[in-house]
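**Student:** Handing you a structure now.
The values are calculated or read from the model by the stated rules, or taken from the named source; none is laboratory data. All figures in this text were calculated on a predicted structure; none of them were measured in a lab. So basically every Cβ, Gly included, is an ideal-geometry build from the backbone, and we count neighbours across all protein chains shown.
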Amino acid sequence: MAATEDILRSYRAPRAVVRSHLARKRSEMRVFSFLIAGLIVIFIAQWPRLSRFAFEHPDQPLTGLMVGTGLGLLAAIPLFYLMAAGAVLLSRGFGGAGNWYGGRLSLFWAMLAISPLMLLQGLVAGFIGAGPQLGIVSLLVFAVFFAIWIAGLRVTQFETEAV
């Protein structure tokens, strides 16, 4: 199934999507590509906000802001691996029996699944700017990310037949 179809299905049935990814052959490259694709879309989603900031602050060149944002996202890749490992360790404290691969899959898939919402957040930040609208959209993005991630962790860490 195409990633775009899986992303849309993740909003309705996130556990089923993660189960389908677990049913495939184990592939670190595929899981890493979920993270990279999500980060690329998140990077693109920041362009309207960065453009607005560069317009409001002429002393800050847009290219410099974009390079800084891109490098920041690249530097965060090891932190995402640490977050996934921390989630696995935390789930083991609650009786989870999953593996590290499942922890990475659930987090990285959640990152890719929320990327369309990150595009919306970027548009709101760029066209409307800071305000209650941006706060509401940001809260929505976080809530959906957390829901998809937790649903994925439930599958990968607590459903023993899926591991």
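**Student:** Scan segment 124-135 and give yes if some residue there is within 28 Å of Arg30 (Cα to Cα), in a helix (DSSP H, G or I), touching a residue at least 12 places away in the same chain (Cβ under 8 Å) and among the aromatic types (Phe, Trp, Tyr), otherwise no.
**Tutor:** No - not one qualifying residue is present in segment 124-135.
**Student:** Which residue out of Gly103, Gly152 is in a helix (DSSP H, G or I), buried (at least 22 other Cβ atoms within 10 Å of the Cβ) and without any contact (Cβ under 8 Å) to a residue 60 or more places away in the chain?
**Tutor:** None of the other options fit; the residue is Gly103.
**Student:** Name the residues in segment 120-139 that are modelled with pLDDT under 95, surrounded by fewer than 17 Cβ atoms within 10 Å (Cβ to Cβ) and under 15 Å from the mean Cα position of the chain (by Cα), would you?
**Tutor:** Residues satisfying the conditions are Leu120, Ser138.
**Student:** Moving on to the next point. Please state which one of Leu8, Leu73 is exposed (fewer than 14 other Cβ atoms within 10 Å of the Cβ) and under 23 Å from Gly122 (Cα atoms).
**Tutor:** Only one candidate passes the filter, namely Leu8.
**Student:** Which of the helices (runs of 4 or more DSSP H) contained wholly in segment 1-69 include at least 1 residues that are closer than 20 Å to Trp109 by Cα and among the small types (Gly, Ala, Ser)?
**Tutor:** Details: elements: 3-12, 14-23, 28-45, 47-56.
Of the helices (runs of 4 or more DSSP H) lying wholly inside segment 1-69, those with at least 1 residues that are closer than 20 Å to Trp109 by Cα and among the small types (Gly, Ala, Ser) span 3-12, 14-23, 28-45.
**Student:** Read through the list (1) surrounded by 16 or more Cβ atoms within 10 Å (Cβ to Cβ); (2) under 18 Å from Arg24 (Cβ atoms); (3) without any contact (Cβ under 8 Å) to a residue 40 or more places away in the chain, then give the number of the only condition that Trp109 fails.
**Tutor:** It is condition (3) that Trp109 fails.
**Student:** Follow-up question, since we're still on this one. If Ser27 satisfies every condition in (1) surrounded by 12 or more Cβ atoms within 10 Å (Cβ to Cβ); (2) more than 15 Å from Phe145 (Cβ to Cβ); (3) in contact (Cβ under 8 Å) with a residue 60 or more places away in the chain but one, which is the exception?
**Tutor:** (3)
**Student:** Please go through segment 42-65 and pick out each residue that is among the aliphatic types (A, V, I, L, M) and crowded, with 17+ Cβ neighbours inside 10 Å.
**Tutor:** Residues satisfying the conditions are Ile42, Ala45, Leu50, Ala54, Leu65.
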